[in-house]
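One structure below.
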Amino acid sequence: MIHEGQLEVFDLTLIAKAPVFIGSGKSYVKKEYVFLTPRFARVSCDEVMLLDETKFFHLLLERKLEEKYIQFMLGAQTDLYRFLTAECCLSLNDIRAVSRYSIAAADALDAGHSLKEINAFVRGADGRVYVPGSSVKGALRTAILTDWILSDNSPHSAFGDTRKGFPEGTYLHTLKLKKDRNGAVLDDAANSILRGLSISDSLPVSDTCMILAGKIDADPDGQTHRINLCRECIRPGTALHFKLTLDQSVLHQKITAEGLMRSIRTFDSFYEKAYLRHFIAPRHAAEISYDSTLFLGGGVGFFSKTLTYPYLGEKDGLQAAINELNRSFRKHRHEEDRADGISPRTTKYALYEGELYPYGLCEVKLS
């Protein structure tokens, strides 16, 4: 830790215990990536190659292949590698020369059945993967509020209709720095105590640390269902490095490094007690310890992104979750969740090297 007046600067390290996905909003359809397998190409494992569009089109023009490529894009064939090698007579070296990067396909794709659309990970202007600090701050916010809510003995029903959003202002909007024209303190982010907590974006993540992962939903009885989805993810075991700064001129010791780690452990304990206990671990589930861990990024599920259960308790939280999910997903019959005692009634896993991992789980280290 470094002290600079009222500022406390920490090294924050997140170690991916499972595939981590933070989407850029971009995706690649089947005809936009090259899928390589040891059966058809000189590669050691299944691999996906993303092409540099400018270099690729220059190559097509140079080899007078643009008309063939147009017909490929309009036709039924979807395997870009077979098209480029069999019909365009390009070598693997030719293709690699116009690629942006390659990543391991892991268990996510099977060319013998169907290639999938790939949801891309966020990248900087230089094309390198990174984790936005805002994503980490959002996960910490959930842990902090879970801890504070569970420590609060006030009757939560007094805070109003939860359909209008949970009253985070009661816990966070306490600075009294901003007022309206009548002098009343604003109940909004301008007065949030979290203004005193900042997290840098991560150091860049190498493409060698990236994999493709699919999505598996697991029922309370341990039965699994494979979802037709493929995500570009950070590989389990990867260390992500950030700087975390606490401005005690704003926080006044209400949030400290020790308090943050306590909040994270409180969230972990509550997650196991209120959610995981309703589920039998599916076959091939990796052994995971929920100790000083956060759920980061997309695909992690309703429970780790909301405050419904810590705020309302398990009984009322169940009904509130059912109501909310029914409004958002009318065809999924979430009223049936009541029989399982938990809503939503599935846990979200990523398949990697034959094992199932809970999406986005990261161990937190602060020094």
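The values are calculated or read from the model by the stated rules, or taken from the named source; none is laboratory data. Predicted, not measured: the structure shown is a model, and the values here were computed from it. When we count neighbours, we look across all protein chains shown, and the Cβ atoms used for this are built from the backbone with ideal geometry, even at glycine. What goes into the accessible areas is simple: the full protein's heavy atoms, side chains included, and nothing from ligands, DNA or RNA. Shrake-Rupley method; radii C 1.70, N 1.55, O 1.52, S 1.80 Å.
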Next on the checklist: Taking the conditions exactly as written (modelled with pLDDT under 95 and either within 30 Å of LYS176 (Cβ to Cβ) or over 15 Å from the mean Cα position of the chain (by Cα) (or both)), does PRO282 satisfy them or not?
Outcome noted: yes
Checklist entry - If only one of LYS348, LYS331, LYS315 is open to solvent by 10 Å² or more (accessible area, probe 1.4 Å) and closer than 30 Å to ILE199 by Cα, which one is it? => result LYS348
Checklist entry - When you go through (1) modelled with pLDDT under 95; (2) part of a helix (DSSP H, G or I); (3) out of contact with any Leu (no Cβ under 8 Å at 6 or more places or on another chain) one by one for ILE149, which number turns out not to apply? => result (3)
Checklist entry - Within segment 253-289, which residues are part of a helix (DSSP H, G or I), among the β-branched types (Val, Ile, Thr) and under 19 Å from ALA16 (Cα atoms)? => result ILE264
Checklist entry - Looking at segment 92-110, which of the residues that are outside any strand (DSSP E or B) and within 23 Å of the chain's Cα centre (by Cα) is surrounded by the fewest Cβ atoms within 10 Å (Cβ to Cβ)? => result ASP107
Checklist entry - For GLY183, are the conditions met, namely being open to solvent by less than 60 Å² (accessible area, probe 1.4 Å), more than 27 Å from the chain's Cα centre (by Cα) and modelled with pLDDT under 90? => result yes
Item to check | Test set (1) at pLDDT below 95; (2) not in a strand (DSSP E or B) - LYS137 fails condition number | outcome: (1)
Checklist entry - When you go through (1) within 21 Å of LYS116 (Cβ to Cβ); (2) in contact with a His (Cβ under 9 Å, 6 or more places away or on another chain) one by one for GLY196, which number turns out not to apply? => result (1)
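Only one residue in ARG333, ARG338 is among the basic types (Lys, Arg), over 30 Å from LEU109 (Cβ atoms) and either modelled with pLDDT under 85 or touching a strand residue (DSSP E or B) at 6+ places or on another chain (Cβ under 9 Å) (or both), so which one is that?
Details: ARG338 fails: either modelled with pLDDT under 85 or touching a strand residue (DSSP E or B) at 6+ places or on another chain (Cβ under 9 Å) (or both).
That would be ARG333, the only listed residue that is among the basic types (Lys, Arg), over 30 Å from LEU109 (Cβ atoms) and either modelled with pLDDT under 85 or touching a strand residue (DSSP E or B) at 6+ places or on another chain (Cβ under 9 Å) (or both).
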Next on the checklist: Any residue that is more than 30 Å from ASP291 (Cα to Cα) and in a strand (DSSP E or B) - is there at least one of those in segment 36-44?
Outcome noted: yes
